Amino acid sequence: PNMLRVVILLAACELSWAFLSTPLGISQSQRLGTSASLSRAGRVGASSLSMQYNLDHPKIANDITELIGRTPLLQLNKVTAGCGAEIICKLESMEPCNSVKDRIGFSMINEAEKRGDIKPGETVLVEPTSGNTGIALAMVAAAKGYDLILTMPESMSLERRVMLKALGAKLVLTPAPLAMKGAIKKAEDIVASMGGKAYMLQQFNNPDNVKVHFETTGPEIWEQTDGKIDAFLGGVGTGGTITGTSNFLKSKNKNLLTIAVEPEESPVLSGGAPGPHKIQGIGAGFVPNNCDQSIIDQVVKVSSADAMAMARRMAKEEGILCGISSGAAVVAALEVGKTMKGKRIVAVIPSFGERYLSTALFSELLEDSKSQVAEDVKL
(Lines give C-alpha, C1' and ligand atoms only; values in the text may rest on other atoms or scores of the structure.)
Protein backbone atom coordinates (compact mmCIF):
# COMPACT_ATOMS: atom_id res chain seq x y z
CA PRO A 1 0.00 0.00 0.00
CA ASN A 2 2.79 2.44 0.83
CA MET A 3 4.58 1.79 -2.46
CA LEU A 4 1.24 2.31 -4.22
CA ARG A 5 1.01 5.69 -2.51
CA VAL A 6 4.48 6.53 -3.83
CA VAL A 7 3.55 5.49 -7.38
CA ILE A 8 0.32 7.51 -7.25
CA LEU A 9 2.20 10.49 -5.89
CA LEU A 10 4.84 10.35 -8.62
CA ALA A 11 2.14 10.02 -11.26
CA ALA A 12 0.50 13.13 -9.88
CA CYS A 13 3.83 14.93 -10.04
CA GLU A 14 3.86 14.32 -13.79
CA LEU A 15 0.69 16.30 -14.42
CA SER A 16 2.16 19.79 -14.30
CA TRP A 17 5.49 21.51 -14.03
CA ALA A 18 4.05 23.94 -11.49
CA PHE A 19 3.74 21.05 -9.04
CA LEU A 20 7.53 21.02 -8.79
CA SER A 21 7.79 24.66 -7.77
CA THR A 22 7.20 24.84 -4.03
CA PRO A 23 8.74 21.90 -2.16
CA LEU A 24 10.76 23.85 0.36
CA GLY A 25 8.55 26.79 1.21
CA ILE A 26 9.96 28.89 -1.65
CA SER A 27 7.53 30.68 -3.95
CA GLN A 28 7.12 29.56 -7.54
CA SER A 29 8.71 32.77 -8.82
CA GLN A 30 11.74 32.14 -6.64
CA ARG A 31 12.08 28.46 -7.50
CA LEU A 32 11.43 28.44 -11.25
CA GLY A 33 11.94 30.82 -14.10
CA THR A 34 9.27 29.27 -16.35
CA SER A 35 6.80 26.42 -16.28
CA ALA A 36 6.42 23.55 -18.71
CA SER A 37 4.08 20.61 -19.04
CA LEU A 38 5.18 17.30 -17.61
CA SER A 39 2.38 15.24 -19.11
CA ARG A 40 3.25 11.76 -20.25
CA ALA A 41 3.13 12.86 -23.88
CA GLY A 42 5.40 15.81 -23.15
CA ARG A 43 7.91 13.62 -21.34
CA VAL A 44 8.86 11.70 -24.49
CA GLY A 45 12.16 13.21 -25.56
CA ALA A 46 11.94 15.60 -22.62
CA SER A 47 15.71 15.74 -22.26
CA SER A 48 15.70 18.67 -24.69
CA LEU A 49 13.56 20.79 -22.35
CA SER A 50 15.33 23.52 -20.39
CA MET A 51 13.98 23.46 -16.87
CA GLN A 52 15.27 26.88 -15.79
CA TYR A 53 15.25 25.73 -12.18
CA ASN A 54 16.36 28.56 -9.90
CA LEU A 55 19.51 27.37 -8.16
CA ASP A 56 20.07 30.56 -6.13
CA HIS A 57 19.37 30.86 -2.43
CA PRO A 58 17.48 33.95 -1.23
CA LYS A 59 19.77 36.84 -0.34
CA ILE A 60 18.22 36.92 3.13
CA ALA A 61 16.30 33.83 4.20
CA ASN A 62 13.23 34.16 6.42
CA ASP A 63 14.17 31.00 8.31
CA ILE A 64 16.65 28.13 8.09
CA THR A 65 14.33 25.96 5.98
CA GLU A 66 14.60 28.34 3.01
CA LEU A 67 18.29 27.44 2.76
CA ILE A 68 17.65 23.73 2.22
CA GLY A 69 18.54 22.31 -1.18
CA ARG A 70 20.25 23.74 -4.26
CA THR A 71 23.56 22.13 -3.28
CA PRO A 72 26.52 22.28 -5.70
CA LEU A 73 28.03 19.67 -7.99
CA LEU A 74 31.77 19.00 -7.89
CA GLN A 75 33.98 16.97 -10.22
CA LEU A 76 36.44 14.54 -8.65
CA ASN A 77 39.98 14.78 -10.00
CA LYS A 78 42.48 12.70 -8.04
CA VAL A 79 40.81 9.62 -6.57
CA THR A 80 39.40 8.91 -10.04
CA ALA A 81 42.80 8.14 -11.59
CA GLY A 82 42.37 5.22 -14.00
CA CYS A 83 38.59 5.52 -14.09
CA GLY A 84 37.21 5.99 -17.59
CA ALA A 85 34.12 7.90 -16.48
CA GLU A 86 33.63 11.43 -15.20
CA ILE A 87 32.58 11.29 -11.53
CA ILE A 88 30.51 14.24 -10.31
CA CYS A 89 29.50 14.62 -6.66
CA LYS A 90 26.26 16.17 -5.46
CA LEU A 91 27.47 17.79 -2.23
CA GLU A 92 24.53 17.27 0.11
CA SER A 93 27.12 17.72 2.84
CA MET A 94 26.62 21.46 2.22
CA GLU A 95 23.01 21.52 3.43
CA PRO A 96 22.25 23.73 6.50
CA CYS A 97 22.67 20.75 8.83
CA ASN A 98 25.16 19.05 6.52
CA SER A 99 23.22 16.10 5.14
CA VAL A 100 20.82 15.07 2.39
CA LYS A 101 18.25 14.38 5.10
CA ASP A 102 17.63 18.11 5.54
CA ARG A 103 15.38 17.84 2.49
CA ILE A 104 13.12 15.15 3.90
CA GLY A 105 13.18 16.63 7.40
CA PHE A 106 11.48 19.72 6.05
CA SER A 107 9.27 17.93 3.54
CA MET A 108 7.75 15.43 5.99
CA ILE A 109 6.94 18.11 8.58
CA ASN A 110 5.76 20.70 6.07
CA GLU A 111 3.48 18.32 4.17
CA ALA A 112 2.00 16.95 7.41
CA GLU A 113 1.23 20.52 8.45
CA LYS A 114 -0.47 21.22 5.12
CA ARG A 115 -2.70 18.17 5.62
CA GLY A 116 -3.57 19.29 9.13
CA ASP A 117 -2.01 16.19 10.69
CA ILE A 118 0.24 18.16 13.06
CA LYS A 119 0.38 21.57 14.72
CA PRO A 120 3.29 23.36 16.45
CA GLY A 121 2.90 23.49 20.20
CA GLU A 122 0.33 20.68 20.18
CA THR A 123 1.86 17.68 18.41
CA VAL A 124 4.92 15.80 19.67
CA LEU A 125 6.89 14.44 16.75
CA VAL A 126 8.48 10.98 17.10
CA GLU A 127 10.89 9.31 14.69
CA PRO A 128 13.45 6.48 14.55
CA THR A 129 16.72 7.63 12.98
CA SER A 130 20.30 6.60 12.34
CA GLY A 131 21.22 10.21 13.02
CA ASN A 132 21.04 12.44 9.96
CA THR A 133 17.26 12.42 9.55
CA GLY A 134 16.95 13.09 13.26
CA ILE A 135 19.30 16.08 13.02
CA ALA A 136 17.30 17.44 10.08
CA LEU A 137 14.02 16.96 11.93
CA ALA A 138 15.47 18.60 15.04
CA MET A 139 16.51 21.62 12.98
CA VAL A 140 13.07 22.01 11.41
CA ALA A 141 11.25 21.23 14.67
CA ALA A 142 13.24 23.95 16.44
CA ALA A 143 12.48 26.46 13.67
CA LYS A 144 8.76 25.61 13.68
CA GLY A 145 8.21 25.09 17.41
CA TYR A 146 7.69 21.32 17.79
CA ASP A 147 8.77 18.99 20.59
CA LEU A 148 10.66 16.04 19.11
CA ILE A 149 11.52 12.56 20.44
CA LEU A 150 14.04 10.51 18.49
CA THR A 151 15.01 6.84 18.84
CA MET A 152 18.44 5.81 17.57
CA PRO A 153 20.70 2.73 17.70
CA GLU A 154 23.41 3.18 20.31
CA SER A 155 26.05 2.39 17.66
CA MET A 156 25.61 5.75 15.95
CA SER A 157 28.32 8.38 16.44
CA LEU A 158 28.68 10.51 19.57
CA GLU A 159 28.61 13.67 17.45
CA ARG A 160 25.09 12.80 16.34
CA ARG A 161 23.88 12.40 19.91
CA VAL A 162 25.31 15.79 20.89
CA MET A 163 23.89 17.54 17.82
CA LEU A 164 20.41 16.14 18.40
CA LYS A 165 20.40 17.32 21.99
CA ALA A 166 21.88 20.71 21.04
CA LEU A 167 18.95 21.22 18.66
CA GLY A 168 16.50 20.50 21.48
CA ALA A 169 15.43 16.94 20.70
CA LYS A 170 14.91 14.23 23.31
CA LEU A 171 17.03 11.20 22.43
CA VAL A 172 16.25 7.55 23.27
CA LEU A 173 18.94 4.97 22.46
CA THR A 174 18.17 1.38 21.43
CA PRO A 175 20.41 -1.75 21.42
CA ALA A 176 22.96 -1.79 18.59
CA PRO A 177 22.34 -5.44 17.55
CA LEU A 178 18.71 -4.59 16.75
CA ALA A 179 19.85 -1.92 14.25
CA MET A 180 17.07 0.25 12.81
CA LYS A 181 14.41 -2.38 13.51
CA GLY A 182 14.92 -1.78 17.21
CA ALA A 183 14.73 2.00 16.84
CA ILE A 184 11.54 1.71 14.77
CA LYS A 185 9.87 -0.56 17.34
CA LYS A 186 10.82 1.78 20.19
CA ALA A 187 9.40 4.78 18.32
CA GLU A 188 6.16 2.88 17.71
CA ASP A 189 5.94 2.04 21.42
CA ILE A 190 6.43 5.70 22.37
CA VAL A 191 3.71 6.84 19.98
CA ALA A 192 1.32 4.21 21.32
CA SER A 193 1.98 5.30 24.91
CA MET A 194 1.19 8.96 24.14
CA GLY A 195 -2.17 8.45 22.50
CA GLY A 196 -3.21 11.05 19.95
CA LYS A 197 -0.65 13.61 21.08
CA ALA A 198 2.27 12.00 19.23
CA TYR A 199 2.86 11.72 15.49
CA MET A 200 5.38 9.43 13.82
CA LEU A 201 6.74 10.73 10.51
CA GLN A 202 7.89 7.29 9.27
CA GLN A 203 10.74 8.23 6.94
CA PHE A 204 11.00 4.67 5.60
CA ASN A 205 7.36 4.66 4.43
CA ASN A 206 6.47 8.34 4.04
CA PRO A 207 5.82 9.32 0.38
CA ASP A 208 6.82 12.92 1.22
CA ASN A 209 10.36 11.57 1.48
CA VAL A 210 10.31 10.45 -2.16
CA LYS A 211 8.36 13.50 -3.24
CA VAL A 212 10.92 16.08 -2.17
CA HIS A 213 13.68 14.35 -4.12
CA PHE A 214 11.47 14.15 -7.21
CA GLU A 215 10.71 17.85 -6.84
CA THR A 216 14.14 19.19 -5.89
CA THR A 217 17.16 16.85 -6.02
CA GLY A 218 16.33 15.48 -9.46
CA PRO A 219 15.57 18.85 -11.05
CA GLU A 220 18.69 20.38 -9.52
CA ILE A 221 20.95 17.69 -10.97
CA TRP A 222 19.29 17.95 -14.37
CA GLU A 223 19.70 21.73 -14.47
CA GLN A 224 23.25 21.70 -13.12
CA THR A 225 24.41 19.14 -15.68
CA ASP A 226 22.43 20.71 -18.54
CA GLY A 227 20.84 17.31 -18.94
CA LYS A 228 24.19 15.65 -19.58
CA ILE A 229 24.08 12.74 -17.14
CA ASP A 230 24.42 9.03 -17.92
CA ALA A 231 24.09 7.48 -14.46
CA PHE A 232 22.82 8.44 -11.02
CA LEU A 233 24.31 6.66 -8.02
CA GLY A 234 23.39 6.72 -4.36
CA GLY A 235 23.35 4.68 -1.18
CA VAL A 236 20.05 3.25 0.03
CA GLY A 237 18.96 4.16 3.54
CA THR A 238 15.25 4.97 3.39
CA GLY A 239 15.24 4.66 -0.40
CA GLY A 240 13.80 8.16 -0.83
CA THR A 241 16.81 9.78 -2.50
CA ILE A 242 17.39 7.11 -5.10
CA THR A 243 13.68 6.60 -5.84
CA GLY A 244 12.60 10.23 -6.11
CA THR A 245 15.71 11.51 -7.86
CA SER A 246 15.90 8.61 -10.32
CA ASN A 247 12.23 8.77 -11.20
CA PHE A 248 12.64 12.41 -12.15
CA LEU A 249 15.88 11.92 -14.07
CA LYS A 250 14.52 8.89 -15.90
CA SER A 251 11.49 10.98 -16.92
CA LYS A 252 13.97 13.25 -18.70
CA ASN A 253 16.32 10.55 -19.99
CA LYS A 254 14.89 7.05 -20.32
CA ASN A 255 18.39 5.64 -20.87
CA LEU A 256 19.74 6.88 -17.54
CA LEU A 257 21.19 4.17 -15.30
CA THR A 258 20.30 4.08 -11.61
CA ILE A 259 22.93 2.47 -9.39
CA ALA A 260 22.22 1.61 -5.77
CA VAL A 261 24.93 1.17 -3.14
CA GLU A 262 24.64 -1.11 -0.12
CA PRO A 263 27.01 -2.53 2.52
CA GLU A 264 28.73 -5.74 1.51
CA GLU A 265 28.11 -7.01 5.04
CA SER A 266 24.33 -6.45 4.75
CA PRO A 267 23.39 -7.06 1.09
CA VAL A 268 19.60 -7.17 1.36
CA LEU A 269 19.00 -5.42 -1.99
CA SER A 270 21.07 -8.15 -3.60
CA GLY A 271 18.99 -10.84 -1.94
CA GLY A 272 21.40 -11.52 0.92
CA ALA A 273 20.93 -11.58 4.67
CA PRO A 274 21.11 -8.46 6.85
CA GLY A 275 24.16 -8.07 9.04
CA PRO A 276 26.12 -5.56 11.13
CA HIS A 277 28.25 -3.02 9.29
CA LYS A 278 29.88 0.37 9.84
CA ILE A 279 28.44 2.41 6.97
CA GLN A 280 26.12 4.64 8.97
CA GLY A 281 23.04 5.89 7.14
CA ILE A 282 22.60 3.08 4.59
CA GLY A 283 21.91 -0.64 4.87
CA ALA A 284 19.01 -0.60 7.34
CA GLY A 285 18.79 -4.40 7.19
CA PHE A 286 15.53 -4.48 5.22
CA VAL A 287 14.16 -3.08 1.96
CA PRO A 288 12.25 0.11 2.84
CA ASN A 289 8.82 0.70 1.33
CA ASN A 290 10.12 3.98 -0.10
CA CYS A 291 12.71 2.10 -2.16
CA ASP A 292 11.31 1.37 -5.61
CA GLN A 293 13.56 -1.49 -6.70
CA SER A 294 12.08 -1.46 -10.21
CA ILE A 295 14.01 1.73 -11.06
CA ILE A 296 17.36 0.30 -9.91
CA ASP A 297 19.48 -0.98 -12.79
CA GLN A 298 22.48 -2.17 -10.77
CA VAL A 299 23.38 -2.75 -7.12
CA VAL A 300 26.98 -2.36 -6.00
CA LYS A 301 28.15 -3.84 -2.69
CA VAL A 302 30.89 -1.98 -0.81
CA SER A 303 32.65 -3.15 2.35
CA SER A 304 32.83 -0.94 5.41
CA ALA A 305 36.63 -1.00 5.22
CA ASP A 306 36.69 0.16 1.60
CA ALA A 307 34.11 2.86 2.30
CA MET A 308 36.14 4.28 5.17
CA ALA A 309 39.39 4.10 3.22
CA MET A 310 37.85 6.11 0.38
CA ALA A 311 36.31 8.67 2.74
CA ARG A 312 39.79 9.27 4.17
CA ARG A 313 41.22 9.61 0.66
CA MET A 314 38.49 12.07 -0.26
CA ALA A 315 39.60 14.32 2.59
CA LYS A 316 43.33 14.08 1.91
CA GLU A 317 43.29 14.09 -1.89
CA GLU A 318 40.20 16.07 -2.86
CA GLY A 319 39.72 18.26 0.21
CA ILE A 320 36.22 16.83 0.67
CA LEU A 321 35.53 15.94 4.30
CA CYS A 322 32.70 13.44 4.04
CA GLY A 323 31.09 10.54 5.85
CA ILE A 324 31.42 6.78 5.48
CA SER A 325 28.46 6.33 3.14
CA SER A 326 29.97 9.03 0.92
CA GLY A 327 33.11 6.94 0.67
CA ALA A 328 30.95 3.96 -0.27
CA ALA A 329 29.28 5.97 -3.03
CA VAL A 330 32.63 6.99 -4.53
CA VAL A 331 33.98 3.42 -4.37
CA ALA A 332 30.89 2.25 -6.22
CA ALA A 333 31.12 5.07 -8.77
CA LEU A 334 34.73 4.16 -9.55
CA GLU A 335 33.81 0.50 -10.00
CA VAL A 336 30.92 1.31 -12.33
CA GLY A 337 33.03 3.92 -14.11
CA LYS A 338 35.41 1.24 -15.35
CA THR A 339 32.70 0.07 -17.74
CA MET A 340 31.38 3.55 -18.64
CA LYS A 341 34.30 5.20 -20.41
CA GLY A 342 33.54 8.77 -21.43
CA LYS A 343 30.24 8.78 -19.53
CA ARG A 344 29.14 10.99 -16.62
CA ILE A 345 28.12 9.55 -13.25
CA VAL A 346 26.56 11.75 -10.58
CA ALA A 347 26.98 10.37 -7.06
CA VAL A 348 25.41 11.71 -3.87
CA ILE A 349 27.71 12.79 -1.04
CA PRO A 350 25.14 12.44 1.76
CA SER A 351 26.86 14.03 4.76
CA PHE A 352 29.79 15.98 6.19
CA GLY A 353 32.75 14.20 7.76
CA GLU A 354 32.85 16.18 10.99
CA ARG A 355 29.88 14.09 12.13
CA TYR A 356 32.11 10.99 12.18
CA LEU A 357 35.16 12.12 14.15
CA SER A 358 34.47 9.71 17.02
CA THR A 359 33.80 6.72 14.75
CA ALA A 360 36.12 4.13 13.26
CA LEU A 361 36.50 6.46 10.28
CA PHE A 362 38.80 8.80 12.17
CA SER A 363 39.55 6.80 15.33
CA GLU A 364 43.32 6.79 14.75
CA LEU A 365 43.39 10.54 14.21
CA LEU A 366 41.23 11.05 17.27
CA GLU A 367 43.58 9.05 19.50
CA ASP A 368 46.61 10.76 17.98
CA SER A 369 45.07 14.17 18.66
CA LYS A 370 44.24 13.23 22.24
CA SER A 371 47.83 12.14 22.95
CA GLN A 372 49.47 15.06 21.21
CA VAL A 373 51.36 17.41 23.54
CA ALA A 374 52.38 21.00 23.13
CA GLU A 375 55.93 21.74 21.98
CA ASP A 376 58.19 24.14 23.86
CA VAL A 377 58.19 27.73 22.69
CA LYS A 378 60.87 30.23 23.72
CA LEU A 379 59.64 33.82 23.84
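The values are calculated or read from the model by the stated rules, or taken from the named source; none is laboratory data. Only a predicted model underlies this, so the values are computations on that prediction, with no experimental measurement involved. Here Cβ is always computed from backbone atoms with ideal geometry, including for glycine, and neighbour counts include all displayed protein chains. In case anyone asks, the SASA skips ligands and DNA or RNA and just uses the protein heavy atoms, side chains included. Shrake-Rupley method; radii C 1.70, N 1.55, O 1.52, S 1.80 Å.
Over the residues of the chain, the helix contribution to mean residue ellipticity at 222 nm works out to -10000 deg cm²/dmol, using -39500 (n - 2.57) for each DSSP H run of at least 4. Have a look at 263, 274, 58 and tell me which one the Gaussian network model of the chain (Cα, springs below 10 Å) gives the largest fluctuation. Largest GNM mean-square fluctuation: 58.
Taking only protein heavy atoms and a 1.4 Å probe, the accessible area of the chain is 52% carbon and sulfur. Residue 365 sits among other residues whose Cβ lies under 13 Å from its own Cβ, and their net charge, with Lys and Arg +1 and Asp and Glu -1, is -1. Extension gain, residue 119-residue 63: 0.36 nm per intervening residue step, less the Cα-Cα distance, totals 18.4 nm. The candidates 230, 208, 306, arranged from most to least accessible area with a 1.4 Å probe in the full protein assembly, appear as 306, 230, 208.
Sorting 192-199, 151-158 by average packing, meaning the other beta carbons within 10 Å per residue, from highest down gives 151-158, 192-199. In this view, the solvent-accessible surface of residue 63, computed with a 1.4 Å probe and all protein chains in place, comes to about 70 Å².
With a sphere of radius 12 Å drawn around the Cβ of residue 160, what net charge do the other residues whose Cβ falls strictly inside it have (Lys, Arg +1; Asp, Glu -1)?
Residues near residue 160 contribute +1 overall.
Out of every Cα-Cα pair that the range 160-214 contains, those further apart than 15 angstrom amount to 63 percent. Taking every protein chain into account, the accessible area of the range 150-204 amounts to 51 square angstrom per residue (probe 1.4 Å).
Modelled label positions at residue 374 and residue 273, each set 7 Å beyond Cα in the direction of Cβ, lie 5.4 nm from each other. Spin-label model, residue 73 to residue 166: label points 7 Å out along the Cα-to-beta-carbon direction sit 3.2 nm apart. Full extension of the chain segment joining residue 254 with residue 189 gains 19.1 nm, where the gain is 0.36 nm per residue of separation less the Cα-Cα distance. For the chain, the ratio of Cα radius of gyration to the globular rule of thumb 2.2 N^0.38 Å stands at 0.97. Volume of the convex hull of the range 51-158 (Cα atoms only), normalised per residue: 166 Å³. Could you pull out the pairs from 114/185; 181/278; 316/343; 144/170; 101/211; 90/343 whose alpha carbons sit more than 18 Å apart here? From the list (114/185; 181/278; 316/343; 144/170; 101/211; 90/343), the Cα-Cα distance tops 18 Å for 114/185; 316/343. Loop-located trypsin sites (Lys or Arg not before Pro) in the range 276-379 (DSSP state not H, G, I, E or B) with no more than 10 neighbouring Cβ atoms inside 10 Å: 341, 378.
I'd like the FRET efficiency for residue 297 and residue 178, computed as 1/(1 + (r/R0)^6) with the beta carbon distance as r and R0 of 25 Å, rounded to 0.05. It comes out at approximately 0.20. In this structure residue 277 has an accessible area near 50 Å², from a 1.4 Å probe over the protein heavy atoms. Between 349, 64, 259, which gets the highest mean-square fluctuation from a Gaussian network model of the chain, Cα cutoff 10 Å? Among 349, 64, 259, the largest GNM mean-square fluctuation belongs to 64. Compactness check for the range 274-379: Cα Rg over 2.2 N^0.38 Å is 1.35.
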